[in-house]
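A short write-up of the structure that comes next.
A short reminder: the numbers here are calculations on the coordinates, not readings from a lab. Only a predicted model underlies this, so the values are computations on that prediction, with no experimental measurement involved. Because the Cβ atoms are built from the backbone with ideal geometry, glycine has one as well, and the counts that use them run over all protein chains shown.
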Amino acid sequence: MSLLKVENLAKNFGGVKAVNVLSFEVEAGSVFSIIGPNGAGKTTLFNLITGIYAPTNGTVTFDNQNVTGLASHVLARHGISRSFQNLQIFDNMTALENVMVGQHLHMDTRFLPSFLRLPGVVKGDARCRKHAIHLMEYVGLGDYVRAEADAMPYGALKRLEIARALASKPRLLLLDEPAAGLNPAETKAINNLILRIAADGISIVLVEHDMHLIWGVSDQVLVLDHGSMLAIGDSNEIRNNKAVIAAYLGQPVGEL
Amino acid sequence: MKFWRARRAGLLFMAIIVIVLPLFLQNSFHYDIAILIGLNAIVCVGLNLLIGYAGQISLGHAGFFALGAYFSAILTDSYEWPPLLALLTGAVAVGMLALIIARPILRLKGHYLAMGTLGMGIIISIVLNQEVDYTGGPDGMPVPSFTLLGWEPGGNFAWYWIVAVMLLVSVWLALNIIDSPVGRALRSLHGSELAAQTMGVDTLRYKAMIFVVSAVMASIAGSTFAHYAGFLTPVEGDFIRSIEFVTMVVLGGMASTFGAVIGAVILTLLPQLLAAFHDYEMMLHGAVLVGIMIFMRKGLVPSISSWFARRLK
């Protein structure tokens with residue numbers, strides 16, 4: 001059964017067709033990757049699915065509900081969360097508090113009990129803190145539980161975004177270039193983390209330029225070029241697709 | 001856990017200072033200054049929630065302060081309402097006004113938000129100056145004394161304790177909200193509005209709510225000031241007063257509740273201390289502010305506490 005269904009989706013910025021009539025489905029529990037050259041429309045597609053842009057045309061269906069054009073904070077309630085290509089860390093807070101914000105939708109957020117710090121709020125915060133520590137350990141940030149977010153290295157912040165997104169208990173997690181700027185060892189760790197999240201039943205949509213990561217985790221790969229679909233299939237099909245090789249992957253050195 | 005202890009310790013420390021302070025206040029002029037500090041601090045604690053934590057700006061909060069004051073003045077003087085009822089009515093009315101203004105104005109960002117709130121403050125100020133039938137215009141109007149069930153605070157000593165309790169309650173509420181799901185949501189929209197939305201935070205709703213809360217706190221402080229002073233002029237709602245409030249928050253340290261209080265203490269006290277220098281008063285005043293902003297850019301309290309934290313390591 002498909003969890004996310006995109007039909008005839010299009011987004012124009014003036015005359016530029018950033019996403020040009022795109023349809024695909026993401027199966028529940030799978031890792032769905034999107035690759036393509038810079039400017040192919042990958043991030044725009046992410047922003048359309050997560051409600052940051054409203055599409056010019058087309059529909060997005062999540063779990064059989066039409067969610068086209070809903071605001072980000074409403075989509076979060078449906079169970080869609082994401083990380084960002086350009087880090088969007090709350091750097092005025094501690095690392096742990098960043099993850100605690102991720103649990104926002106599952107907390108008592110009425111103003112009066114918070115102002116009076118009623119026992120329910122104290123208990124909820126203790127639970128929230130405990131779960132946040134658990135999530136930081138889950139993504140491999142156990143050493144940073146007490147850190148200020150603005151004092152953490154880049155690689156750790158990438159994982160912090162994932163922990164924060166997981167805190168909202170999503171059913172669909174969109175990762176925008178989680179391995180960008182990471183060294184091979186860190187990329188390998190992200191690879192394992194993605195497989196682990198998927199094994200825990202969370203569907204993943206992944207945008208990435210690191211091909212080792214793509215081949216390592218993807219159930220399906222969608223190739224975008226100039227806002228349109230160039231190819232879709234599993235890793236093997238995409239790897240051997242002539243059009244994809246010409247547009248993006250390039251020839252292996254031996255065959256030139 | 002550590003944070004919780006630090007918070008309780010800070011509040012306790014402040015309570016002790018407030019209790020011990022009267023031993024050092026020698027005359028009613030000293031009490032007068034202490035009371036004005038307390039009222040300014042209440043406004044600043046609320047304003048800091050908006051500026052320091054939620055990352056928004058208001059250059060019109062003196063407008064809310066003055067509106068609260070005039071609600072109390074007009075309702076008790078012209079309509080002979082009980083003062084407490086007038087104060088609460090003023091707070092509710094100012095809260096509703098803030099809520100109506102909040103949605104459109106808080107869609108603005110940065111300089112535009114500053115301009116929007118500035119305009120709002122100036123409009124309030126003009127209304128208070130022009131509605132002579134109600135407010136007495138620039139000449140001001142008298143305010144009846146505060147009475148509650150026949151009790152009337154006699155003199156500055158009683159007012160000191162009223163304001164002290166109000167300030168401690170404000171600080172307690174502010175400390176509570178900051179370390180709660182609501183407070184984290186507020187701080188998150190300061191850090192990254194985009195990510196906050198993705199985490200399910202309805203950012204516009206939170207901005208509006210904290211704008212209303214800070215406006216209501218200013219209104220209550222204003223009402224109290226009106227009864228304490230016994231006479232009210234539109235100067236209280238001036239643009240300059242709004243700037244003073246913001247300066248207090250920034251000077252003491254944004255995103256620090258105790259910083260907001262310290263800012264109010266210094267900027268209320270400084271003109272009095274510098275009065276001895278006569279002609280050079282304004283120059284020294286400016287030099288102190290510029291100096292602090294150059295050498296302690298995060299504001300007094302955060303700069304000093306991080307200096308201590310480094311030393312203790």
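Here the residues B:152, A:161, ranked from fewest to most Cβ neighbours within 10 Å of their Cβ, fall in the order B:152, A:161. Averaged over the residues of peptide A:80-89, the number of Cβ atoms from other protein chains lying within 10 Å of each residue's Cβ is 3. When B:219, A:33, B:303, A:81 are sorted by how many other C-beta atoms sit within 10 angstrom of their C-beta, beginning with the fewest, the order is B:303, A:33, A:81, B:219. Applying D = kT/(6 pi eta Rh) to the protein assembly as shown, where Rh is the Kirkwood radius over alpha-carbon pairs, T corresponds to 10 °C and eta to 1.306 mPa s, the Stokes-Einstein value obtained is 60 µm²/s.
For segment A:131-243, the Kirkwood radius over C-alpha pairs fed into Stokes-Einstein at 25 °C and 0.890 mPa s yields D = 161 µm² per second. The base-10 log of I(q)/I(0) for segment A:1-115, evaluated at q = 0.10, 0.20 Å⁻¹, reads -0.38, -1.18 [Debye formula, identical scatterers on Cα atoms, solvent excluded].
Go ahead and run the numbers for FRET between residue A:145 and residue B:103, Cβ-Cβ distance against an R0 of 22 Å, rounding to 0.05. Rounded to the nearest 0.05, the efficiency is 0.05.
Each of residue B:161 and residue A:169 was given a label point 7 Å from its Cα along the Cα-to-Cβ line. The distance between the two points is 5.0 nm. When B:297, B:187, B:311 are sorted by how many other C-beta atoms sit within 10 angstrom of their C-beta, beginning with the fewest, the order is B:311, B:297, B:187.
Projecting the Cα positions of A:73, A:138, A:24 onto the charge dipole of chain A (unit charges on Cβ atoms of Lys, Arg, Asp and Glu, taken about the Cα centre) puts A:73 furthest along the positive direction.
For the pairs A:5/B:109; A:130/B:109; A:17/B:207; A:169/B:298; A:17/A:242, note any where the Cα-Cα span goes beyond 27 Å. The pairs that break the limit, which is 27 Å between Cα atoms, are A:5/B:109; A:130/B:109; A:17/B:207; A:169/B:298.
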